[in-house]
Amino acid sequence: MSAHPHTLHIPPPEHLGPGKLPISAIFGLVSLIGLVLSFIGALVDPAQFAYSWFFAFYFFFTIALGSFFWVTLHYACDSDWSVLARRTWENILALIPVMFLIFIPLLLPGYNEVLWKWMAYSQSGSHELAIRSMYLNYPFFYLRVVGYFLYFGLAGLYYRRLSIQQDSDGSPVYTRRMHDHSYLALVLFGLFETFLGFDWFMGLDWRWASSLFGVYNFAICAQASMAACIALIAILRSAGYLQMMNHEHFYLMGKLLFGFTIFWAYIAFGQYLLIWYANIPEETIFYNNHNRGDWFYLTYFLAVGKFLFPAIYLLAQDVKKSLRALTFIATWILFMHGFELYWFIAPFAHKDSLLPSWQDFVSFITVGSILGFFFIRIASQSSLFPTRDPRLVECLTITN
């Protein structure tokens, strides 16, 4: 619910100041150094480069996917509380074309067959692959890749463009148009996110089958993007921006972060339980490989670190209303998000050792710096929040 005082000061547009330029330059310099080191790593150990680069890419891409979900959900539900946070998600969506360029090296011969082993020549005579050949074939795979990026890239830019246009004239027509389109957008999001997870993430072991994996992939995207938005807003507020956001907004974001922490645990455990109970070889193969040796202990740490600790921490109302406390747990969840992706991907690269490669760190810093460089430039092109959204007043006066 929201309250409407007799007088309300509508904040003016906020743009990133000159201080963004040195930070952007640092990101650019780190990106160049990282690209050189990544190129060396690709020459020295191509297989490790493929897994490390994919790990870094997918970490940030899941945040972008989750941002698309939160933006379209905002319009579908006519939300008022999320108006001030929405532009942050919209700016993340504008990075998807850049992510496509980052993804291109993984499509090149020599690297694609390392990740998705059904592409390897050694699998050409496989009977299992032959019966899946209508779906697992080169032309259709690359067509799906183009389709995923076209949809999320163009749809994301569409929402951001109309939102920015509304800043100029304040017409509610833009809101109504995006509201009407958001229902179909959410349906297509569910379809593309599911098949994308099958193709890229679950496809690391193309023999593995799981009926819950699409929902699992959605859970990690939604949780990670909410945590990333909280962390970015905290950074912007520390620089003097978005001061109109208060504990009421943080409390709502904290409740959603708590809810999706529970939801992730429910889906992750449900997937494991159903596979364990059925005991079908093509389903159990994944957990058998990921619970061998020292990887077994990381599975327990994942359950404690990504579910038990955040869930208990977020139970208190004071934590969800404090930006400092909420930023801490959001940062922790992002760390555990990276840990989960490493736990998922790394055993395919080196089954006997759980220690990360130097290429894991270089790839992550390089991809993060590239996206940080472009994010600052994208965010500086418009106000950091929608200045003339019809629900801005309700957002400014929201109460719980």
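The values are calculated or read from the model by the stated rules, or taken from the named source; none is laboratory data. Just so it is clear, the model here is predicted, and its values are computed rather than measured. Note that each Cβ is placed from the backbone with ideal geometry, even for glycine, and that neighbours are counted across all protein chains shown. Areas reflect the complete protein model, heavy atoms only, side chains present, ligands, DNA and RNA absent. Shrake-Rupley method; radii C 1.70, N 1.55, O 1.52, S 1.80 Å.
Assorted remarks:
- Annotation note: of Met226, Met202, the sole residue that is within 30 Å of Lys320 (Cβ to Cβ) and touching a helix residue (DSSP H, G or I) at 6+ places or on another chain (Cβ under 6 Å) is Met226.
- Listed conditions (1) touching a residue at least 60 places away in the same chain (Cβ under 8 Å); (2) assigned to a helix (DSSP H, G or I) are all met by Gly147, apart from (1).
- Listed by position, the helices (runs of 4 or more DSSP H) contained in region 14-122 that have at least 1 residues being in contact with a Ser or Thr (Cβ under 8 Å, 6 or more places away or on another chain) are 20-44, 46-76, 83-93.
- Condition broken by Ala120, with the remaining ones in (1) surrounded by 14 or more Cβ atoms within 10 Å (Cβ to Cβ); (2) of a type in the set (A, V, I, L, M); (3) more than 17 Å from Phe55 (Cβ to Cβ) satisfied: (1)
- Residue check for Asp45: over 17 Å from Phe201 (Cβ atoms), touching a His at 6+ places or on another chain (Cβ under 8 Å) and among the charged types (D, E, K, R): no
- Positions within region 75-91 being in contact with a Phe, Trp or Tyr (Cβ under 9 Å, 6 or more places away or on another chain) and either without any contact (Cβ under 8 Å) to a residue 40 or more places away in the chain or open to solvent by less than 10 Å² (accessible area, probe 1.4 Å) (or both), in sequence order: Tyr75, Ser82, Val83, Leu84, Ala85, Arg86, Arg87, Thr88, Trp89, Glu90, Asn91
- Boolean, Pro347 is closer than 30 Å to Met202 by Cβ and either among the acidic types (Asp, Glu) or modelled with pLDDT under 95 (or both): yes
- Unique match (being small (Gly, Ala, Ser), over 21 Å from the mean Cα position of the chain (by Cα) and under 30 Å from Pro347 (Cβ atoms)) among Ser171, Ser211: Ser211
- The residue pairs whose first member lies in region 266-285 and is within 22 Å of Val304 (Cβ to Cβ), whose second member is part of a loop (DSSP other than H, G, I, E, B), and whose beta carbons are closer than 6 Å, counting only pairs six or more residues apart or on different chains, are Gln271/Ser210; Gln271/Leu212.
- The residue that is nearest to Tyr174 (Cα to Cα), counting only those in region 369-386 that are assigned to a loop (DSSP other than H, G, I, E, B), in contact with a Ser or Thr (Cβ under 9 Å, 6 or more places away or on another chain) and not small (Gly, Ala, Ser), is Pro386.
- Restricted to region 345-367, and to residues there that are part of a helix (DSSP H, G or I) and open to solvent by 20 Å² or more (accessible area, probe 1.4 Å), the residue that is nearest to Leu29 (Cα to Cα) is Ile365.
- Helices (runs of 4 or more DSSP H) fully within region 215-328 that include at least 1 residues being surrounded by 22 or more Cβ atoms within 10 Å (Cβ to Cβ) and hydroxyl-bearing (Ser, Thr, Tyr): 247-278.
- Among all positions in region 151-167, there is no residue which is of a type in the set (Asp, Glu), at pLDDT below 95 and exposed (fewer than 14 other Cβ atoms within 10 Å of the Cβ).
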